[in-house]
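Here is the structure we will look at, set down as structure tokens.
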Amino acid sequence: MLILQNISYIHPSKDLLFGDVNLAVGNHQKTALIGNNGVGKSTLLKIIAGQLQPSSGHVSVEHDPYHVPQVFGQFNHLTIAQALKIEGKINALKEILNGNPSQENFNLLNEDWTIEDRCKEVFHDWQLDELDLSQKMETLSGGQRTKVFLAAIAIHEPELVLLDEPSNHLDLSGRQLLYDFIQSTKSTLMVVSHDRKLLNLLNPVFELSRKGIKVYGGNYSFYQEQKQIESKALNQEIQSKEKALRKAKEIERETIERQQKLDSRGKGKQEKAGVSRIMMNTLRNKAEQSTSKLKSVHTEKISGISQDLQDLRYSLPDLDKMKFGLDNSGLHQGKVLFRATSLNFAYHRQPIWETQLNFEIRSGERIALKGKNGSGKTSLIKLILGDLEPQTGTIYRADQNAVYIDQDYSLLDQKLNVYQQAQQFNGSALQEHEVKIRLSRFLFSKEDWDKACSALSGGERMRLLLCCLTIHSTSPDTIIFDEPTNNLDLENVEILTAAINEYQGTILVVSHDEVFLKQININRTIEL
């Protein structure tokens, strides 16, 4: 079905994105393609789809792939029918039914007499009954755009389907439709995703890196087990190298000390024996050369072990290298932070919620805010933060330090570089070297300090903002996350999960990622 042989891709800037990619996908296989952000997953899908040419290598595909991209902005000016490439058939069918049975119309229709009925049927299946094929793509929400392209799979019935982050903009009901499709379809699938529930429906898992592709013969849970085994072996190897390095340094010290004692003892004997000054100088030079040679041998050995150790540490997962250090909230557990009584809000005199809201948020709680797209989650967050005031009912807000983190990490100033951004949060007047130490803890090396915030990936923005929270003079009492995992790769989702679990304060999270919600120990849900 699909074979990639020695595929590589080099950016126009001459930088290698990935190389030596080899894989084979059989008919009806449902595979996952994973890897860190920026490694080239979307690029590889475009190469398979024929939208990009590889720098080298060969792609063999039996059937034309159907590609659902991650970004849909390029279709904004098109109607739904045009974006799905069915406008010609729809218009030809209408022309024929209206009395224009030309050969051109019959050729365009290609005997697909059920095209209109199939569109209505699959749009209904994907909860898109309200849409019209003549509607412009720019009028649709992100979730609707994704569903439109997913619905079209049943219209075109392709043998090979390429999905790039298909669950990103879907709410829980939309995600369930996607999961059902993945399980029921007979098409061959290659899916790029960080949705771990979705990844567990796929097998095998292909992990892409600059060096090529590594295959794990199971679903994502199996992949995680294998990575844990690899990580354990790597940590044991690091410990072994650290022990070898300490031993080598100890042997070097003991050997040099022993040599110096021998030299000193020899010199004393020579002086007692009345050896001439010229001969003494000659013997001393030989002793110094011997000691220097010994030092050189041991330095070379120690240098080799140190380099091996550095290489091993570099290959550790980012999570194992990080130190978080988020301060805990100073508020006592159970303090009422927010209370809503008969709360509602209206846009254009239309109330958001059918029934008024009554609830409390207490210090130390971990709360998931759930609801379909358009159910008013963002409006409720603004009411909690004080950016909106209720039009019905009353609210109580305790004096507290709350931080709102959206999926784009907009608290960061795109005009600043990494170091400048960290300094902007430096309310406790940390010294320059202390700020840079904090940046290093969050994996920002010296080479990253001048990097523009606008050039950071989703994972880098997340790590920088977490770093800034540790630099700020006061720790947040409440952190509100709005779809925080949407733009993160799997490794950075794990980093965020670990940071949240280390933090002892109040958490309010909007997320459709059920695995993430479970892992951060949500203990209450507010459903809109």
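The values are calculated or read from the model by the stated rules, or taken from the named source; none is laboratory data. Computed from a predicted structure; not experimentally measured. Here the Cβ positions follow ideal geometry from the backbone for every residue, glycine too, while neighbour counts run over all protein chains shown. Please note that ligands, DNA and RNA were not included when accessible areas were found on the heavy atoms of the full protein model with its side chains. Shrake-Rupley method; radii C 1.70, N 1.55, O 1.52, S 1.80 Å.
Within the range 456-469, being modelled with pLDDT under 85 and outside any loop (DSSP other than H, G, I, E, B) holds for 458, 459.
When 316, 309, 337 are checked against the criterion of being open to solvent by less than 20 Å² (accessible area, probe 1.4 Å) and at pLDDT below 70, a single residue qualifies: 309.
The set of residues from the range 150-180 being small (Gly, Ala, Ser) and either in a helix (DSSP H, G or I) or open to solvent by 10 Å² or more (accessible area, probe 1.4 Å) (or both) comprises 151, 152, 154, 173, 174. Residues in the range 479-509 that are part of a loop (DSSP other than H, G, I, E, B), in contact with a strand residue (DSSP E or B) (Cβ under 9 Å, 6 or more places away or on another chain) and more than 13 Å from residue 459 (Cβ to Cβ): 3 in all. Among the residues of the range 439-481, the ones that are within 12 Å of residue 412 (Cβ to Cβ) and hydrophobic (A, V, I, L, M, F, W, C) come to 11 in all.
Mind listing whichever residues of the range 54-72 are within 19 Å of residue 192 (Cα to Cα) and either of a type outside the set (D, E, K, R) or within 25 Å of the chain's Cα centre (by Cα) (or both)? Hits for the range 54-72 are 54, 59, 61, 65, 66, 67, 68, 69, 70, 71, 72. Residues that are surrounded by 20 or more Cβ atoms within 10 Å (Cβ to Cβ) and under 21 Å from the mean Cα position of the chain (by Cα) do not occur anywhere in the range 19-28. Any residue that is touching a residue at least 24 places away in the same chain (Cβ under 8 Å) and more than 20 Å from residue 167 (Cα to Cα) - is there at least one of those in the range 101-116? Scanning the range 101-116 turns up at least one residue that is touching a residue at least 24 places away in the same chain (Cβ under 8 Å) and more than 20 Å from residue 167 (Cα to Cα). Of all the criteria given as (1) open to solvent by 70 Å² or more (accessible area, probe 1.4 Å); (2) aliphatic (A, V, I, L, M); (3) assigned to a helix (DSSP H, G or I); (4) modelled with pLDDT of 80 or more, the one not satisfied by residue 233 is (1). Could you go through the range 196-206 and let me know if any residue there is polar (S, T, N, Q), closer than 22 Å to residue 494 by Cβ and either open to solvent by 40 Å² or more (accessible area, probe 1.4 Å) or not in a helix (DSSP H, G or I) (or both). Within the range 196-206 (the criterion being polar (S, T, N, Q), closer than 22 Å to residue 494 by Cβ and either open to solvent by 40 Å² or more (accessible area, probe 1.4 Å) or not in a helix (DSSP H, G or I) (or both)), the answer is yes, since at least one residue qualifies. Taking every residue in the range 62-89 that is charged (D, E, K, R) and pairing it with any residue that is part of a loop (DSSP other than H, G, I, E, B) and surrounded by 13 or more Cβ atoms within 10 Å (Cβ to Cβ), at least 6 positions away or on another chain, the pairs with Cβ-Cβ distances below 9 Å are 62/1; 62/27; 62/159; 64/158; 64/159; 87/78; 87/133; 89/112.
Among the residues of the range 430-448, is any buried (at least 21 other Cβ atoms within 10 Å of the Cβ) and over 17 Å from the mean Cα position of the chain (by Cα)? Yes, the conditions are met somewhere in the range 430-448. What about residue 482, is it at pLDDT 90 or above and surrounded by fewer than 21 Cβ atoms within 10 Å (Cβ to Cβ)? Yes: the conditions hold for residue 482. Quick check on my filter: what residues within the range 1-23 are farther than 20 Å from residue 61 by Cβ and either modelled with pLDDT of 90 or more or assigned to a strand (DSSP E or B) (or both)? Within the range 1-23, 10, 16, 17, 19 qualify. The range 37-118 holds helices (runs of 4 or more DSSP H) entirely within its bounds, and those carrying 2 or more residues that are over 30 Å from residue 213 (Cα atoms) and open to solvent by 40 Å² or more (accessible area, probe 1.4 Å) map to 87-97, 103-109.
Only residues that are in contact with a Phe, Trp or Tyr (Cβ under 6 Å, 6 or more places away or on another chain) and either hydrophobic (A, V, I, L, M, F, W, C) or modelled with pLDDT of 95 or more (or both) were counted across the range 183-203, and they come to 2. Pairs linking a residue in the range 219-237 that is under 17 Å from residue 194 (Cα atoms) and small (Gly, Ala, Ser) to a residue that is open to solvent by less than 50 Å² (accessible area, probe 1.4 Å) and modelled with pLDDT of 90 or more, with Cβ atoms under 9 Å and 6 or more positions apart or on different chains, are 221/196; 221/199. The set of residues in the range 360-399 that are over 22 Å from residue 518 (Cβ atoms) and assigned to a strand (DSSP E or B) comprises 360, 392, 393, 394, 395, 396, 397. For the range 378-399, a residue qualifies if it is crowded, with 18+ Cβ neighbours inside 10 Å and touching a residue at least 60 places away in the same chain (Cβ under 8 Å), and the qualifying residues are 380, 381, 384.
Taking the stated definitions as given, is residue 147 open to solvent by 10 Å² or more (accessible area, probe 1.4 Å), assigned to a helix (DSSP H, G or I), farther than 25 Å from residue 223 by Cβ and among the charged types (D, E, K, R)? When the stated conditions are applied, residue 147 passes them.
Among the residues of the range 132-144, the ones that are in contact with a strand residue (DSSP E or B) (Cβ under 9 Å, 6 or more places away or on another chain) and open to solvent by less than 40 Å² (accessible area, probe 1.4 Å) come to 2 in all.
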